[in-house]
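What follows is calculated from the coordinates using simple rules that are stated; it is not laboratory data. These numbers were taken from a predicted model, which means no experiment stands behind them. Ideal geometry is used to build each Cβ from the backbone, glycine not excepted, and the neighbour counts take in all protein chains shown.
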Amino acid sequence: MQEGQFTQTTHSHDHEHRSDTVILPAPTPWPMVLALGIALLITGMVTQWVISLLGLILTLRSIVGWFYDIFPHEVHVAVPVQTGVMTISSTRTTREQLPVSADHRQILPVETFSITSGLKGGIGGGIAMILPAALFGLLKYHSIWYAVNLLAAGGFVSWASASTDFLRQFHLEGLLAATGIHAFTSVLIGLLYGAMLPMFPRKPILTAGFVAPLLWTGILYSALGIISPVLNARINWLWFVISQIAFGLVCGFIVNLHVKVRTPQFRSLPFAVRAGIHSDLPIEKDDQ
């Protein structure tokens, strides 16, 4: 008993003198083998007994192997450790941020796009989105009014069972309803682009033109059956994605043309902090 204790103490004492290593449990495959064996045991119950036999063999072998990895002493390995200073940097330079103070983790955005840029981007993207929609109606239904009336049908209960010939014709009330729905949605998404575009990584126009439309289309695809069953039954999702990409590219391009303005959070800071004269943060000096 005393000899075993002395051996274990000496073993730990040797590890403490190795300051350039860290002691970790030795890698072992037996937990994975045990999981595979149990899985084969259960699988054999609904297939063949041979599979259960193989699972039993793997299970027993893994139990024995894992036992000897722990008893009488747990197996460890010494992993070399290299100390040094690691500089963490980022290539995301599209959004300048300002820490509030050294005691807070909050980071305030310094610049963002104005509301006007979002409005202009939404209007421009909405106009660009009309072209693929009209082209789709012209190629498939030989009418540019099909997409207009289909959008308006989402707000008209009486148009729920309208025929294709009816949707191909010009209707003033359909044009007015579709214009209102499309304008409101385009402006709303344009404002969202203006607020989120500074948060995107590099190449924000490509992100706004492809990633955001695909995400928006996926959300709408799962919910359109509840929002508007008429649109869900007749919409062509390929052309819808093309229209959304056209909106995202044009909207992102227009928004990105505008000059960024200071955010309200930055303007509310003391003048000395905004001017860079004074800050509660510790000043880091570059190594000479």
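Using the Cβ atoms and a cut-off under 11 Å, what net charge is assigned to the surroundings of T164, where Lys and Arg are +1 and Asp and Glu are -1?
Neighbourhood net charge equals +2.
Compute the distance in nm between two label points, each set 7 Å from the Cα along the Cα-to-Cβ direction, one at V64 and one at A78.
In this crude label model, V64 to A78 measures out at 3.2 nm.
Rg over Rh of the stretch 129-230, using C-alpha atoms and the Kirkwood radius, what does it come to? Provide the component values of the computation, followed by the final result.
On the way: Rg = 15.7 Å, Rh = 15.2 Å.
Rounded to two decimals, Rg/Rh equals 1.03.
Give me the distance in nm between label points sitting 7 Å out from Cα along the Cα-to-Cβ direction at M86 and I219, one decimal.
Rounded to a tenth, the inter-label distance reads 3.5 nm.
Sort 168-177, 66-75, 51-60 by packing, meaning the average of other beta carbons within 10 Å per residue, with the highest value first.
Listed from highest to lowest mean packing, they are 51-60, 168-177, 66-75.
What ranking of V230, V187 emerges when the number of other C-beta atoms within 10 Å of each C-beta is taken as an exposure proxy, fewest first?
The order, fewest Cβ neighbours first, is V187, V230.
Once you place label points 7 Å from the Cα toward the Cβ at R234 and T47, how far apart are they in nm?
5.1 nm
Taking H placed 1.01 Å from N in the peptide plane, check which residues at least 5 places from S143 or on another chain put their amide H under 5 Å from its amide H.
It is L138, by chain and number.
For the stretch 169-176, take each phi angle, set θ = phi - 60°, evaluate the Karplus expression 6.51 cos²θ - 1.76 cosθ + 1.60, and give the result in whole Hz per residue in order, putting x for glycine and proline.
8, 7, 9, 4, 5, x, 5, 5
Please list, in chain and number order, the residues 5+ apart from V22 or on another chain whose amide H is under 5 Å from its amide H, with Hs placed from the backbone.
V79, V81
Place the peptides 77-85, 21-29 in order of packing, highest mean first, counting for every residue the other Cβ atoms within 10 Å and averaging per peptide.
Order by mean packing, descending: 21-29, 77-85.
Once the piece of chain linking M32 and F253 is laid out straight, how much longer is it, given 0.36 nm per residue of separation minus the C-alpha distance between them?
Answer, rounded to one decimal: 74.4 nm.
For T28, what residues show an amide H to amide H distance below 5 Å, using hydrogens built from the backbone and excluding near sequence neighbours?
HN-HN under 5 Å from T28: empty list.
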